[in-house]
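To keep things clear, I will list the structure first and then write my remarks on it.
Nothing in this text is a laboratory measurement; each read-out follows from the coordinates by a stated rule. As the structure is a prediction and not an experimental result, all values here were calculated from the model. When we count neighbours, we look across all protein chains shown, and the Cβ atoms used for this are built from the backbone with ideal geometry, even at glycine.
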Amino acid sequence: MDGRLTAPAEIPVRPAAPNTGAARKATIGKAILGGPILATMLGLALPTIVVLVAQTFVGVIETFYVSFLGTDALVGVALVFPIFMLMTMMSNGGIGGGVASAVARAIGAGRRDDADSLVVHALLLAAIFGVAFTAAVMLCGPALFHALGGDAGALRAALLYSGFVFAGAVPMWIVNLMSAALRGAGNVRAPALVTLAGAVVLIPLSPLLIFGLGPVHGFGIAGAGIAVTTYYSVAAIVLLRYMLRGGGSSVSLKRSRLEGRLFGDILGVGSISALSTVQLNLTVVLVTGAVGRFGTDALAGYGIASRLDYILIPLLFGLGTSVLTMVATNVGAGDLARARRIAWIGAFVGAGFTEAIGILAAAFPALWIGVFSRDPAVIAVGSTYLRTVAPIYGAVGITFVLSFASQGGGRPIWTFLGGTARLLIAAGVGWLAVADLGAGTATLFLIVAGSSIVSAAICVVATVSGATVRPGKE
């Protein structure tokens, strides 16, 4: 297998014109369907990984800034974070996965007009889901954050922060679904550049709005939320203008008739994948609630440590989206054997680098926890979590990548069942152990680790059996 990296480019959805850009698009299109798998996969994945790591780093920096506002502010952000990540993962890897899969399968099957029409359907879905998230947080936020252990100052901080963050839910959904459509067409450059530009802007904007400078008034924890919403609003405008102009000759936003079958192409994969993200984040929410029974220090320690779990997501998301695009395009073209090889190679790569991160975190947990807190009680709980859960990050990597492969194959039900097992074990058994059996945080975290192993095993068995990659309707 050729290990050389190929430059990322777009899959052609129109006949290639005799110029360098079109030739590059033709090359990557051929590479996805018949070129070296690892080289093509990494060529598509690396730009997305680099910029999402940068964006995640900005999130870590923002947590660092918020820590100067005190423990209440830090806990407030920790309470909101699982809900924000639910929206992020649902729009990127859930419904967004359905968009990318539908576009890639359409292109692989030669249905170029459908690929463009899917963009309009995705835009409408972005508006619907964005409004739904804003309304849900406004109506249910106080009760939810209180149930997770927030009270007094921490609860007020959570409500203030979430109000500004979720005011930008619609722009965020637009950015993520339009990016998914472009990635499904093999155009990894445009969404990567938009994300990278946002990361660069947020580094100075966030502290400016939190603390203020000169004539600029600081808004405290609200400033962190304002910065996020400002970024997504501007990014949505930039991406919509780009796609109205032709989307870099990949897929474009233009007037199209709404069709039930195209909504079905997106939601047939996206709805189950979205439920999978709900499961994952519900697991985090319930485990957070269980940890909250041990007090604010335990909640802060867990919140800091578990954020490292989310550091893995940009790495796995970049790899997973490239696997999704390659699998879906080959399924659309009818080459199921190649689609399955792509899934396995991606899973091995994902498991390798996540396990390396996990071993390092487990060996030196204070390197991560100490960045955010010097409180011995906070560090103790966070270190226990990393020593217990981080060593099985490889299982998380396998599950994540194979879930994207199943989206590309149009059969995400088995990875959904893997998520169901994780939810029942981590949240169900974990909550029972803490609430009824008097277990401590160490036992709870051990149960969480076990749930990830079971989930990975289900995904592996399903992939071996061929249940996740089967012929489509194209």
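Things worth noting here:
- Given their separation in residues at 0.36 nm each and the Cα-Cα distance between them, L446 and I359 gain 29.7 nm when the chain is fully extended.
- In plain terms, the residue of Y302, Y65, Y232, Y385 with the fewest other Cβ atoms within 10 Å comes first and the most crowded comes last, giving Y65, Y232, Y302, Y385.
- When you restrict to C-alpha pairs under 8 Å that are six or more residues apart and normalise by the size of the chain, the relative contact order lands at 20 percent.
- If you plug the beta carbon distance of I453 and L139 into 1/(1 + (r/R0)^6) with R0 = 45 Å, you get a FRET efficiency near 0.75.
- Counting every other Cβ atom within 10 Å of each residue's Cβ, V349, V323 order from fewest to most as V349, V323.
- Angle between the chain longest axis and helix 152-165 axis [Cα atoms, degrees, rounded to 10]: 20
- Cα gyration tensor category, rounded, prolate or oblate, for region 35-465 with a/c compared to 1.5: oblate
- Structure-based [θ]222 nm, the chain - -39500 (n - 2.57) summed over DSSP H runs of at least 4, per residue, nearest 500: -27000 deg cm²/dmol
- Taking the fewest neighbouring Cβ atoms within 10 Å as the starting point, the ordered list for I37, I174, I61 is I61, I37, I174.
- Degrees between helix 393-408 axis and first principal axis of the chain (Cα, 0 to 90, nearest 10): 40
- Under 5 Å from the amide H of G212 lie the amide H atoms of G218, F219, each residue being 5 or more positions distant or on a separate chain, with H modelled from the backbone and absent for Pro and chain starts.
- Dipole of the chain computed with +1 at Lys/Arg Cβ and -1 at Asp/Glu Cβ about the Cα centre; of I379, L182, V165, farthest Cα towards the positive end is L182.
- The modelled label-to-label distance for the pair S271/V131, using points 7 Å beyond Cα in the direction of Cβ, is 2.0 nm.
- Spin-label model, S233/H217: points 7 Å from Cα along the beta carbon direction are separated by 1.6 nm.
- The charge dipole of the chain, taken about the Cα centre with unit charges on the Cβ atoms of Lys, Arg (+1) and Asp, Glu (-1), comes to about 1400 debye, rounded to the nearest 20.
- With Cα atoms, 0 to 90° folded angle of helix 441-465 axis to the chain main axis: 10
- Note on V371/K30: beta-carbon distance plugged into 1/(1 + (r/R0)^6) with R0 of 45 Å gives a FRET efficiency of 0.50.
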